[in-house]
Amino acid sequence: MLMKRWALLGTAIALMATAACGKTAGAPIVRFLDRPDTGGGWKEIISEFEAANPDINVELVEGPASTNAREDMYSLSLSAADGTYDIVYMDVIWVPKFAARGWLQSLDHRLPPVEREKFLPGDIRGSTYQGSLYRVPMRSDAGMLYYRTDLVAKPPETFEELAATARRLQKPPELWGVVFQGQQYEGLVCAFLEVLWGFGADVLDADGNVVLDSPEAVRALTWLSGLVGDVAPGGVTTYQEEDARHLFQEGHAVFMRNWPYVWTLAQQVGSPVAGKIGIAPMPHVPGQRGAATLGGWGFGLAKSARHPEAAWRFIAFATQPEQQKILHLRGGAIPARRDLFRDPEILKASPYYSDLYRILLAARPRPVHPKYAQISNAIQVHVSAALVGAESPDEAIKRAAQEVRGILGR
Ligand code: GLC
């Protein structure tokens with residue numbers, strides 16, 4: 001039902017929202033879907049590509065902001081092999097599922113190992129399934145803690161310190177202690193995992209056994225749900241990335257969990273917090289280490305592509321350093337190519353890059369499994385229930401663990 005709704009919406013958006021510049025009549029069209037093009041980076045990349053390749057038209061479909069919604073739209077289209085999307089712009093968590101279902105072409109012969117070396121290792125690992133490469137990384141991602149440097153002298157290292165500082169400094173509703181992604185969707189899983197890992201717990205162990213129902217996990221969820229209505233606004237349970245960013249950027253929060261793209265947008269001229277923000281690794285409990293969830297996006301080539309060579313030419317072009325740089329400078333996307341972390345223009349725009357590089361190298365993947373969407377769904381439902389007070393943290397963890405065991409057949 002939900003998938004159908006998104007598919008219809010997707011078609012409507014495809015008709016309305018394609019980038020229309022520099023098109024050549026009669027040339028093949030290759031299409032991909034992403035969230036709205038904040039900053040206009042994609043439009044710039046597409047028009048540069050079309051100017052240099054007048055025999056190909058590229059269309060960007062600007063879809064819903066949530067990764068889950070776009071995953072449904074791609075899934076429906078690729079499973080029907082309907083040819084809508086020759087190019088599959090993928091979240092790192094979709095790769096095992098899309099590859100296992102046979103929806104993607106292997107890119108092994110197109111991107112040789114010496115080329116792969118030029119990307120961040122986590123992004124290449126996340127693009128590989130059963131030894132084959134299915135995605136060329138475009139942007140990397142890792143969760144981090146933003147703080148206001150005009151209010152906080154030194155970022156907190158422990159969860160306890162974070163909550164205590166937030167409580168001391170906040171003056172709700174003008175200034176809240178902390179905001180994060182609390183809506184029931186993938187972003188909540190990313191934020192929850194960082195807290196879970198920081199408490200020393202995990203979803204699966206190294207052998208793939210479900211170990212989520214541990215006392216540490218209950219403590220982690222107790223801490224996270226305890227923030228709601230205390231140092232985080234009650235409405236945080238409906239926030240995605242952009243809701244948290246807007247509140248923080250308008251100066252209404254001391255701390256925020258978010259992805260690195262926020263830096264560029266929040267530092268823009270006219271932003272009330274420009275020059276007043278810092279980033280730090282996610283906190284942890286004493287004796288544990290903070291951890292970032294690894295995110296990131298890249299291009300796959302659909303098995304059902306009608307124009308695979310044209311699609312590949314765009315993928316190869318878009319993932320070059322110059323284009324990754326455009327996406328960064330326009331909208332804050334973190335390049336997936338290592339060299340760009342030493343690029344003078346990027347370092348000038350984003351001086352925090354050396355800290356970020358360390359956070360990215362240490363970022364941890366979500367469970368890597370073709371059934372990840374179901375695993376995530378079980379976690380989303382129960383973590384969200386705990387955040388809104390419908391289940392106790394103890395119940396929520398037990399039920400999530402039980403469902404994940406059911407999904408994995410363990
Ligand atoms: C970011 C990440 C992606 C993650 C999503 C969750 O886009 O790059 O990996 O799934 O946020 O909202």
Q | Only one of SER214, SER271 that is away from the ligand (no atom under 16 Å from the Cβ) and within 20 Å of THR38 (Cβ to Cβ) | A | SER271
Q. THR238: modelled with pLDDT of 95 or more, open to solvent by 20 Å² or more (accessible area, probe 1.4 Å) and more than 12 Å from the ligand (Cβ to nearest atom), yes or no?
A. yes
**Q.** ARG399 farther than 27 Å from LEU76 by Cα, away from the ligand (no atom under 16 Å from the Cβ) and not in a helix (DSSP H, G or I)
**A.** no
Q. Restricting attention to region 171-192, does a residue exist that is open to solvent by 10 Å² or more (accessible area, probe 1.4 Å), touching a Gly at 6+ places or on another chain (Cβ under 7 Å) and not aliphatic (A, V, I, L, M)?
A. no
Q: Considering only region 130-151, state which residues are more than 16 Å from the ligand (Cβ to nearest atom), open to solvent by 10 Å² or more (accessible area, probe 1.4 Å) and not charged (D, E, K, R).
A: GLN130, GLY131, SER132, TYR147, THR149, LEU151
Q: Consider only pairs whose beta carbons are under 9 Å apart and that are at least six residues apart or on different chains; among these, list those whose first residue lies in region 100-113 and is more than 16 Å from ALA305 (Cβ to Cβ) and whose second residue is surrounded by 11 or more Cβ atoms within 10 Å (Cβ to Cβ) and among the aliphatic types (A, V, I, L, M).
A: ASP108/LEU133; LEU111/LEU133; LEU111/VAL136; LEU111/ALA316
Q: Report whether or not PHE49 is within 15 Å of the ligand (Cβ to nearest atom) and open to solvent by less than 10 Å² (accessible area, probe 1.4 Å).
A: no
Q | Residue in region 80-87 that is of a type in the set (Phe, Trp, Tyr), touching a Leu at 6+ places or on another chain (Cβ under 9 Å) and within 16 Å of the ligand (Cβ to nearest atom) present | A | no
Q.
Looking at the structure I just gave you, is ARG245 crowded, with 16+ Cβ neighbours inside 10 Å, closer than 27 Å to TYR352 by Cβ and out of contact with any Gly (no Cβ under 9 Å at 6 or more places or on another chain)?
A. yes
Q.
Within region 338-347, does at least one residue satisfy the condition of being in contact (Cβ under 8 Å) with a residue 24 or more places away in the chain and open to solvent by less than 20 Å² (accessible area, probe 1.4 Å)?
A. no
Q) Which residues, taken from region 188-218, are without any contact (Cβ under 8 Å) to a residue 24 or more places away in the chain, closer than 16 Å to ALA396 by Cα and charged (D, E, K, R)? A) ASP202, GLU216
Q: For region 16-30, indicate whether the set of residues that are modelled with pLDDT of 95 or more, surrounded by 22 or more Cβ atoms within 10 Å (Cβ to Cβ) and not in a loop (DSSP other than H, G, I, E, B) is non-empty.
A: yes
Q: Please specify each residue of region 348-367 satisfying the condition of being farther than 21 Å from GLY40 by Cα and assigned to a helix (DSSP H, G or I).
A: TYR353, SER354, ASP355, LEU356, TYR357, ARG358, ILE359, LEU360, LEU361
Q.
Just to be sure before I move on: is ARG330 in a helix (DSSP H, G or I), in contact with a helix residue (DSSP H, G or I) (Cβ under 8 Å, 6 or more places away or on another chain), modelled with pLDDT of 90 or more and open to solvent by 60 Å² or more (accessible area, probe 1.4 Å) in the structure I sent?
A. yes
Q) Within region 245-261, can you find the residues that are of a type in the set (A, V, I, L, M) and within 16 Å of the ligand (Cβ to nearest atom)? A) MET256
Q | Only one of ARG364, ARG358 that is within 16 Å of the ligand (Cβ to nearest atom), within 30 Å of ALA163 (Cβ to Cβ) and open to solvent by 20 Å² or more (accessible area, probe 1.4 Å) | A | ARG364
Q) Hey, any hits in region 291-303 for a residue that's surrounded by 18 or more Cβ atoms within 10 Å (Cβ to Cβ), outside the structural domain of LEU175 (by TED's automatic domain parsing) and farther than 24 Å from PRO121 by Cβ? A) yes
(Q) Being under 16 Å from TYR372 (Cβ atoms), open to solvent by 10 Å² or more (accessible area, probe 1.4 Å) and not in a helix (DSSP H, G or I) is the filter here; which residues of region 94-129 pass it? (A) ARG101, TRP103, GLY126, THR128, TYR129
Q: Looking only at region 60-78, decide whether some residue is more than 16 Å from the ligand (Cβ to nearest atom), open to solvent by less than 20 Å² (accessible area, probe 1.4 Å) and either without any contact (Cβ under 8 Å) to a residue 24 or more places away in the chain or assigned to a loop (DSSP other than H, G, I, E, B) (or both).
A: no
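The values are calculated or read from the model by the stated rules, or taken from the named source; none is laboratory data. The structure presented is a predicted model; accordingly, all values stated were derived computationally and were not measured. As a convention, Cβ positions derive from the backbone with ideal geometry for all residues, glycine included, and neighbour counts pool all protein chains shown. Just so you know, the surface numbers come from the protein's heavy atoms only, side chains and all, with ligands and any DNA or RNA stripped out. Shrake-Rupley method; radii C 1.70, N 1.55, O 1.52, S 1.80 Å.
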